[in-house]
Amino acid sequence: MVQLILLGIVAAVALYAIAAYNRLVKARQMVREGWSGIDVQLKKRANLIPNLVAAVKGYMSHERDLLERITELRAKASGMSDATPRQRSAVEQELSSLLGRIFVAVENYPDLKANENVLELQRQLNQIEDDIQMARRYYNGAVRENNILVESFPSNIIAKLFHFTKAEYFELEDEAARQVPKVDLQPS
């Protein structure tokens, strides 16, 4: 009888270990999927930047430094596919800030402000920024679930045995960068 009880306990522990391992695998995959979603949206934005720079370059000769810095950051961000979320967010944060500045600067150029190409690029950029926000929320939710499993008892025992680790959140460090600048380029 004691052997049967011990066998039942061992079976219950083994079943729990299998279930916990599978939950950890699922959580890790959700984090990877979330990061992939952010990466796709950031690439879409990076692909839009050359069109934006080309559309405003002729008008904004006084903003040459801004345009060059945007181009540099785009190239840097495009080469960061293996970077951690913290490293990538620092570059993307600066790029977002500069893109906001470019649309603020457009306000000083009435011909550019009314340009259909620039208006369409702004619409696309705003949509992509919204998509990036949604992808960040999904990713950070997946990170939260993963980290809860990795840190909570008793799943943390399985996590340590099989080398599951906490994931990094994709956060903006600067409070001002959390606010996407809203600029209306519609002709008055």
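State the number of residues belonging to the range 53-82 that are within 21 Å of the chain's Cα centre (by Cα) and surrounded by 20 or more Cβ atoms within 10 Å (Cβ to Cβ).
Counting residues in the range 53-82 that are within 21 Å of the chain's Cα centre (by Cα) and surrounded by 20 or more Cβ atoms within 10 Å (Cβ to Cβ) gives 4.
Condition (residue is β-branched (Val, Ile, Thr), under 29 Å from residue 138 (Cβ atoms) and modelled with pLDDT of 85 or more) applied to the range 51-59: is it met by at least one residue? Step through it out loud before you land on a result.
Residues of the range 51-59 that are β-branched (Val, Ile, Thr), as a first pass: 53, 56.
The next check asks that each one be under 29 Å from residue 138 (Cβ atoms); those that pass are none.
Checking the range 51-59: not a single residue is β-branched (Val, Ile, Thr), under 29 Å from residue 138 (Cβ atoms) and modelled with pLDDT of 85 or more.
Filter the range 66-103 down to the residues that are assigned to a loop (DSSP other than H, G, I, E, B) and of a type outside the set (A, V, I, L, M, F, W, C) and list them by number. If you could, list the steps in order and put the result at the bottom.
From the range 66-103, those assigned to a loop (DSSP other than H, G, I, E, B) are 79-84; that's our starting set.
Of everything in the range 66-103, those that are assigned to a loop (DSSP other than H, G, I, E, B) and of a type outside the set (A, V, I, L, M, F, W, C) turn out to be 79, 81, 82, 84.
Output the helices (runs of 4 or more DSSP H) that fall wholly within the range 106-173 and possess 2 or more residues being at pLDDT 95 or above and either exposed (fewer than 13 other Cβ atoms within 10 Å of the Cβ) or of a type in the set (A, V, I, L, M) (or both), or say none.
Details: elements: 110-113, 116-151, 155-161.
Correct list: 116-151, 155-161.
Going by the structure shown, is residue 67 touching a helix residue (DSSP H, G or I) at 6+ places or on another chain (Cβ under 9 Å) and touching a residue at least 60 places away in the same chain (Cβ under 8 Å)? Please lay out each step first, then the result.
Details: touching a helix residue (DSSP H, G or I) at 6+ places or on another chain (Cβ under 9 Å): yes; touching a residue at least 60 places away in the same chain (Cβ under 8 Å): no.
Against the criterion (touching a helix residue (DSSP H, G or I) at 6+ places or on another chain (Cβ under 9 Å) and touching a residue at least 60 places away in the same chain (Cβ under 8 Å)), residue 67 does not qualify.
For the range 33-64, name all the residues that are under 18 Å from residue 106 (Cβ atoms), without any contact (Cβ under 8 Å) to a residue 40 or more places away in the chain and in contact with a helix residue (DSSP H, G or I) (Cβ under 8 Å, 6 or more places away or on another chain).
50, 53, 57, listed by residue number.
Could you say which residue among 14, 27, 20 is part of a helix (DSSP H, G or I) and more than 29 Å from residue 82 (Cα to Cα)? Walk me through it before giving the result.
Details: 27 fails: more than 29 Å from residue 82 (Cα to Cα); 20 fails: more than 29 Å from residue 82 (Cα to Cα).
Result of the check over 14, 27, 20: 14.
Checking the conditions here, which among 52, 42, 6 is more than 30 Å from residue 121 (Cα to Cα), out of contact with any strand residue (DSSP E or B) (no Cβ under 6 Å at 6 or more places or on another chain) and part of a helix (DSSP H, G or I)?
Exactly one of 52, 42, 6 is more than 30 Å from residue 121 (Cα to Cα), out of contact with any strand residue (DSSP E or B) (no Cβ under 6 Å at 6 or more places or on another chain) and part of a helix (DSSP H, G or I), namely 6.
Looking at 91, 53, 143 in this structure, which one is under 20 Å from residue 33 (Cβ atoms) and either in contact with an Asp or Glu (Cβ under 9 Å, 6 or more places away or on another chain) or of a type in the set (A, V, I, L, M) (or both)?
On the way: 91 fails: under 20 Å from residue 33 (Cβ atoms); 53 fails: under 20 Å from residue 33 (Cβ atoms).
Every option except 143 fails the conditions.
The values are calculated or read from the model by the stated rules, or taken from the named source; none is laboratory data. Since this is a predicted model, take the numbers as computed values, not measurements. Note that we place each Cβ from the backbone using ideal geometry, even for glycine, and neighbour counts take in every protein chain shown.
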